[in-house]
1. Quick check on my filter: what residues within segment 177-207 are assigned to a loop (DSSP other than H, G, I, E, B) and at pLDDT 85 or above?
2. If SER271 meets every condition in (1) more than 30 Å from ALA154 (Cα to Cα); (2) exposed (fewer than 11 other Cβ atoms within 10 Å of the Cβ); (3) modelled with pLDDT under 75 apart from one, which number is that one?
3. Scan segment 223-250 for residues that are touching a residue at least 60 places away in the same chain (Cβ under 8 Å) and closer than 21 Å to GLY263 by Cβ and report the count.
4. Only one of these conditions is not met by LEU236: (1) more than 30 Å from TRP97 (Cα to Cα); (2) surrounded by 14 or more Cβ atoms within 10 Å (Cβ to Cβ). Which number is it?
5. Answer yes or no: is there a residue in segment 124-147 that is under 30 Å from the mean Cα position of the chain (by Cα), hydroxyl-bearing (Ser, Thr, Tyr) and modelled with pLDDT of 90 or more.
6. Return yes or no: is SER219 surrounded by 11 or more Cβ atoms within 10 Å (Cβ to Cβ) and either in the same structural domain as ALA158 (by TED's automatic domain parsing) or part of a helix (DSSP H, G or I) (or both)?
Amino acid sequence: MIVPLFLLGSGVGIGLLLVIAGVRGQSVLPVARGERPGRTDRRAGAVGAKRNLWLVAILLGVVVYLITGWFAAGLIGLCAGAALPRLFGGQSARKQWIAKTQAIATWTEMLRDTMAAADGVEEAIAATVPIAPELIRREVALLDARRRSEQPLAEALAQFGAEVDHPSGDLVVAALSMAAEGEGSDFVGVLTRLAAVTRDEVRMRLRVEASRAQLHTASRMIIAVLAVFVLALSVLSRGYLEPYRTVAGQMWLVVVGALFAVGVLLLDRMSHIDLPERFTARRARRTTS
């Protein structure tokens, strides 16, 4: 009797830790260390995060089933472990995206100020390498290194846009490519407007995050009240839940869990922001092929 209780308690503890890690977006399984991740590494990280998410969901479903003895409750626990991190997680990634957007706006303003001093595109890029924002400083340094290695500036800019991997960065790359090829004029004004647009995007995303925080707080309260209510009934009035032990009761529990899952997915879909299709990545692939 002691061994099953020990395993049950250990499973509950591990399940809670994994759920917390999944909600925070932290990696559970070890990740190989190496160079700073590029686009391929980010895809591998996303695959690893999804694997961790399903591991959390399965363990949570098993723990709930061991506690309640209900197959439907275990299935609901599995769905909750897979769906709730989508609604409550990802905050660090969104903050990183906003920070990168701010970094691109700052670098655009640096380029504008440098070009306003009658410097060309290549000189402006070289001047901003030591003072570029930290989030994109490595990419700016690589851009300058490619430029100094006599690689065509248009190709170097395309690779820079693919490495930064941001729609606002694509707009800056397009403007710099036009300036490098001598197309158009008043690039200082163009960079000024691009920096303003990027700053507007940052403000928009901050407003979205504030609204999302209110939604997440309300959702957490609803889920917490529901969980406490069900737990209190299972402890204080087990007879009230007795009808759910039947096959029909289990089926109705599955229906209720499915409705909650659909609601969570709809909330996640409503809070998702569609990004424009990127074009410098396609150009970078053509230049490297």
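The values are calculated or read from the model by the stated rules, or taken from the named source; none is laboratory data. Just so it is clear, the model here is predicted, and its values are computed rather than measured. Cβ placement follows ideal geometry from the backbone for every residue including glycine, while neighbour counts extend to all protein chains displayed.
1. Within segment 177-207, none qualify.
2. So the condition that SER271 fails would be (2).
3. Here the count works out to 3.
4. LEU236 satisfies every listed condition except (2).
5. Yes: one or more hits.
6. yes
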